[in-house]
Number of protein chains: 2
Amino acid sequence: MKMANMLVSTLREVPAEAEIDSHKLMLRAGMIRKMASGIYNYMPLGLKVLKNIEEIVRQEMNDAGAQEFLASAILPAELWQESGRWDVYGEEMFRLKDRNNREFCLGPTHEEVFTDMARNEIKSYKQLPVNLYQIQTKYRDERRPRFGIMRSREFIMKDAYSFDKDQEGLDVSFDKMNEAYVKIFNRCGINAKCVEADSGAIGGSNSAEFMVKSEVGEDDVVFCNACDYAANMEKAPSTVDKAEKEEAKELVKTETPNIRTIEELTSFFNTSAKKFAKTLIFNADGKIVAVMVRGDREVNETKVSNDLGGIAQLEMASAEDVFKATNAAIGFAGPIGIKIDELLVDEEVANMYNFIVGANETGFHLENANYGRDFEGKVGDYRNITIGEKCPACGSEITIARGTEVGHIFKLGTKYSETMKATFMDENGKDKPFVMGCYGIGVTRTMASVIEQHHDEYGITWPLALAPYHVSVIPVNIKDEEQMEIAEKLYNELRALGVDALLDNRNERAGVKFKDSELIGIPMRITVGKKIGDGEIEFKLRTKEVEVIRVEDVINKVKEEFKKNNFKL
Amino acid sequence: MKMANMLVSTLREVPAEAEIDSHKLMLRAGMIRKMASGIYNYMPLGLKVLKNIEEIVRQEMNDAGAQEFLASAILPAELWQESGRWDVYGEEMFRLKDRNNREFCLGPTHEEVFTDMARNEIKSYKQLPVNLYQIQTKYRDERRPRFGIMRSREFIMKDAYSFDKDQEGLDVSFDKMNEAYVKIFNRCGINAKCVEADSGAIGGSNSAEFMVKSEVGEDDVVFCNACDYAANMEKAPSTVDKAEKEEAKELVKTETPNIRTIEELTSFFNTSAKKFAKTLIFNADGKIVAVMVRGDREVNETKVSNDLGGIAQLEMASAEDVFKATNAAIGFAGPIGIKIDELLVDEEVANMYNFIVGANETGFHLENANYGRDFEGKVGDYRNITIGEKCPACGSEITIARGTEVGHIFKLGTKYSETMKATFMDENGKDKPFVMGCYGIGVTRTMASVIEQHHDEYGITWPLALAPYHVSVIPVNIKDEEQMEIAEKLYNELRALGVDALLDNRNERAGVKFKDSELIGIPMRITVGKKIGDGEIEFKLRTKEVEVIRVEDVINKVKEEFKKNNFKL
């Protein structure tokens, strides 16, 4: 494309609305523009990158034997009522009514649609396995849309759904998707680690996320320093730090006026946080549940929620509910005499001796509490793992980093097919529910994540496979006939080879053109300037120094770069 | 693709929900499935065709110098309030609110978005012209969604918007789009005629539609039998059929008990419908307007609406409003003594003598009415042209056919840029509004229209460029090793050439495979059967007879077909 005919929307200033690098750079390079909070338009350069990512996803999905499908974005409420998710989904779902007052939503995900399709179209085990995917626009009314297209309300997702006749089939389908995902993220030049993820109420180790390390990530990812183990914090099991055994002492009620937090308590009692057990009170779908963890630990709400059988909404109890349970102000809850529906006790707490708990009386705590003697509850793993704890796989030390989820693969099993009565006829003529998997990639989020990993102080540094254009050819002075002639010739030669080239024939200073090329992140730059009189031009890789080369060598130079990047022209 | 691994959803029965051929065939061939009224999912075969059409559109738009863009489907109400269309759009617009109660719509069209983009991104005349397009999902809550994807509520449209500095620039942009559209519809193998269309309140001959003749079309298209003239009925000017001059006679009030319709009146008065003038009463955005046409003519609401200055809603007046205007029941309205805001008189009526009109009194008509003597109004062209009238271009006879609009190109001028203050700086440093054009193609509707033009009793007959697969290779007996080996070999050779081939390796009778291949509309079929022992196979074009040819000739045969169709492999 010739840039004089292009809408170029680069910005020199850093836009105030952006917090993170990818968002800033996508705005500055003129790739996206905001339409409303969490809703973006893709400008021509941004859309080219997006299409390149989509094409990589499409090729790998097809190669893995999946077939492309396209469902509507508007979905009838009936389908979601059938699966039971219409009432559960909450405010994140965009809902609307048509002119006849029929209820619809904008699909935040499509399990129901594909399950419905399978039950209508797949009759026999002979037709299985089937894996269908789509690259489609999804809608989630996020409470806090942020970071540009990293977390937006209208976004593009590749979602795939596999249908197998049994668990073994699902395992094969799942592994194929896992392999395809590794290839996709590799081809996108993104370092995405496959980590164990929580699979909610379905249970089992049936879910894996592809995580990109990122300071602005929304998840904590647990990595082992020694082995390959990696898991989402939600999922990673903690190990019990057993306290030294002590003889049980007598319970003592101590006045602790206005002393509520662990910091205040350690200071007041002049002891370690390890001598305290916190009692946190939750509202779990209307049930009041207390969870006890050691003073220096954090409750893992996913573990709690799964333990309770996969509840829809777990939130801190209201002050009123806390008062009903403890007869005390917030900060003085404890396990002894508490009036709740269920008490969950972290294993670590059950292994402590003579520890301090709230007295369920405003201004008082109890010393020398002991599990078993003073109270009982359901004992389990209810807390987050912490840095330095043992790796669940090899026992070495783990570390924790922030991460962004770019992909998720999930063994659904028969959760949807049973609820929605989606069955096929098996070898023995019996109706069986499909064994399903689902597999998502956030396409637009992947685009942002690539930029997070590929940029420098001058702009984006696209991998060749994703770049909106491969090469920019820049005549320094468009009024110089020889420069323009050579530049046009190179541009045409490159295009004839299948290279997506840009000719920057704008009437602008060379400095402006260089800056735009770097900001947009074109991998190669060919500058035709004064040296063309001696048959020389400048060749520059986006992240390397300028080389002065003979004009007759430049096409080979470009070809070499494609070869190095395994990119077939 | 190997069909044993494919989800094949062909149906033998004709689905009850479908009325027209394209809809029936898309359901039977497993191309689409209904999700809700007017909302469809695209199955793998249907999506492949859709992508082929999209790619043709994309190539031609790019070749015409347009750049691809992608706007969100969710659009903030503010933008539509700014253009004034939020309140005007009516029930056809899907509206929704987000969790913070902010109002949005699902974009039925995107003039506002692109005008907003232009005012933000284009500062100077130096950046013009710019033409941006998108291939994107649109939403219109049609009162009567029908005919499958021919008229649906969620559909894919290519919409483009051009920005020029002046009218001459717009003329050039418009002509380029016109040319691109001709190429697109030609490449899709569809016979779409460019016809003059109404351009509403903007006026001028600034709008053209691409119409496909179709019995189920929603528009009447006027064609000249002699010259190239074609226009939408809404637009085509009528000619005045002048009545023979008569001396004006005295007005006579005649009792016409229960005689209301033109049929009843011609019978009662024993005279031709040409001796009557109908007076129809409308509510035009709250104004009461009467329109008079000859007894055998039909009011053209578009012409009336344009004459009134482009009103939003023109509908028949309520019985109550008719009574207020005429002091009579419906069927007795006339121009004399009527109490309305405006009277519009078709030219033909102004050229009639001693004609019969309603008396504005229940049960009475007036004979010998004459324009000028008995009443006056605004005289103009307010009626539909009829078969046999004169062509506005050459004077020959015109004919009328039903048609479906697949494309629309439109000179908007400064309608949106003025309202939304979208300006650029011209050569003299002055702010000027962009001169805009907009250009739409119904991509999904085009797909249906192609089928309407390309099918027979056995199924769809896709043009090669659109077919989901080019060739189906059918081994008659998959248990015969030689047949399977040759079939696989041919399949692989074809794929290596770039031919999108299907191998029907399903364990089904040959008859089933032939039927599916015909129903789906694969342009070429290669059958490997018993004759393979003699080195022979069957080659069949979808709409031709079977040929028995040598197996070594088949690849060339396929190549020839591509050549004939100007399709580069």
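A few notes on this one:
- B:Arg99 meets the stated requirement of being part of a loop (DSSP other than H, G, I, E, B) and of a type outside the set (A, V, I, L, M, F, W, C).
- None of A:Ile288, A:Ile259 is farther than 16 Å from A:Leu344 by Cβ and open to solvent by 20 Å² or more (accessible area, probe 1.4 Å) except A:Ile259.
- Selection count, the range A:82-93, where residues are part of a helix (DSSP H, G or I), more than 16 Å from A:Glu418 (Cβ to Cβ) and of a type outside the set (Asp, Glu): 1
- Annotation: of all residues in the range A:68-89 being free of Cβ contacts under 8 Å to residues at least 24 places away in the same chain and within 13 Å of chain B (Cβ to nearest Cβ), the one that is surrounded by the fewest Cβ atoms within 10 Å (Cβ to Cβ) is A:Glu78.
- Applying the set (1) within 30 Å of A:Gly84 (Cβ to Cβ); (2) more than 34 Å from the chain's Cα centre (by Cα); (3) not β-branched (Val, Ile, Thr) to A:Phe355 leaves exactly one unmet item: (1).
- Count - residues of the range B:48-61 that are more than 21 Å from the chain's Cα centre (by Cα) and facing another protein chain (nearest Cβ under 9 Å): 1
- Positions within the range A:267-284 being in contact with a Lys or Arg (Cβ under 8 Å, 6 or more places away or on another chain) and more than 13 Å from A:Gly334 (Cα to Cα), in sequence order: A:Phe269, A:Ala273, A:Lys274
- In the range B:9-38, residue nearest to the other protein chains (Cβ to nearest Cβ) [restricted to those that are open to solvent by 30 Å² or more (accessible area, probe 1.4 Å) and not in a loop (DSSP other than H, G, I, E, B)]: B:Arg33
- If you go through the range B:1-59 and keep only what is farther than 15 Å from B:Ile520 by Cα and either touching a Pro at 6+ places or on another chain (Cβ under 6 Å) or small (Gly, Ala, Ser) (or both), you end up with B:Ala4, B:Ala16, B:Ala18, B:Ala36, B:Ser37, B:Gly38.
- Hits in the range A:90-101 (condition: open to solvent by less than 50 Å² (accessible area, probe 1.4 Å) and at pLDDT below 95): A:Gly90
- Restricting attention to the range A:91-111, the residues that are farther than 13 Å from A:Ser162 by Cα and more than 9 Å from chain B (Cβ to nearest Cβ) add up to 7.
- Selection status of A:Gly65, touching a residue at least 12 places away in the same chain (Cβ under 8 Å), within 11 Å of chain B (Cβ to nearest Cβ), more than 22 Å from B:Ser152 (Cα to Cα) and not in a helix (DSSP H, G or I): yes
- With respect to the conditions (1) in contact with a helix residue (DSSP H, G or I) (Cβ under 9 Å, 6 or more places away or on another chain); (2) over 10 Å from A:Val289 (Cβ atoms), A:Val322 falls short on a single one, namely (1).
- Of the strands (runs of 3 or more DSSP E) that lie entirely inside the range A:504-566, those containing 2 or more residues that are open to solvent by 20 Å² or more (accessible area, probe 1.4 Å) and over 25 Å from A:Gly46 (Cβ atoms) span A:536-541, A:546-550.
- The set of residues in the range B:158-196 that are among the hydrophobic types (A, V, I, L, M, F, W, C), open to solvent by less than 50 Å² (accessible area, probe 1.4 Å) and within 14 Å of another protein chain (Cβ to nearest Cβ) comprises B:Ala160, B:Phe163.
- Scanning the range B:221-238 for residues that are within 22 Å of B:Val299 (Cβ to Cβ) and open to solvent by 50 Å² or more (accessible area, probe 1.4 Å) returns B:Glu234, B:Lys235, B:Pro237.
- Within the range A:477-494, the set of residues being assigned to a helix (DSSP H, G or I) and crowded, with 16+ Cβ neighbours inside 10 Å comprises A:Gln483, A:Met484, A:Ile486, A:Ala487, A:Glu488, A:Leu490, A:Tyr491, A:Leu494.
- Taken over the range B:10-30, the criterion of being in contact with a strand residue (DSSP E or B) (Cβ under 8 Å, 6 or more places away or on another chain) and without any contact (Cβ under 8 Å) to a residue 40 or more places away in the chain is satisfied by B:Glu17 alone.
- Taking every residue in the range A:239-250 that is surrounded by 10 or more Cβ atoms within 10 Å (Cβ to Cβ) and pairing it with any residue that is of a type in the set (Ser, Thr, Tyr), at least 6 positions away or on another chain, the pairs with Cβ-Cβ distances below 7 Å are A:Ala243/A:Tyr353; A:Glu246/A:Tyr353; A:Ala248/A:Tyr353.
- Within the range A:113-156, the only residue that satisfies the criterion of being of a type outside the set (Ser, Thr, Tyr), closer than 29 Å to A:Ala36 by Cα, at the interface with another protein chain (Cβ under 10 Å from one of its Cβ atoms) and open to solvent by 40 Å² or more (accessible area, probe 1.4 Å) is A:Arg143.
The values are calculated or read from the model by the stated rules, or taken from the named source; none is laboratory data. Values in this document were obtained by computation on a predicted structure and should not be read as measured data. Every residue, glycine among them, receives a Cβ derived from its backbone with ideal geometry; neighbour counts consider all protein chains shown. Areas reflect the complete protein model, heavy atoms only, side chains present, ligands, DNA and RNA absent. Shrake-Rupley method; radii C 1.70, N 1.55, O 1.52, S 1.80 Å.
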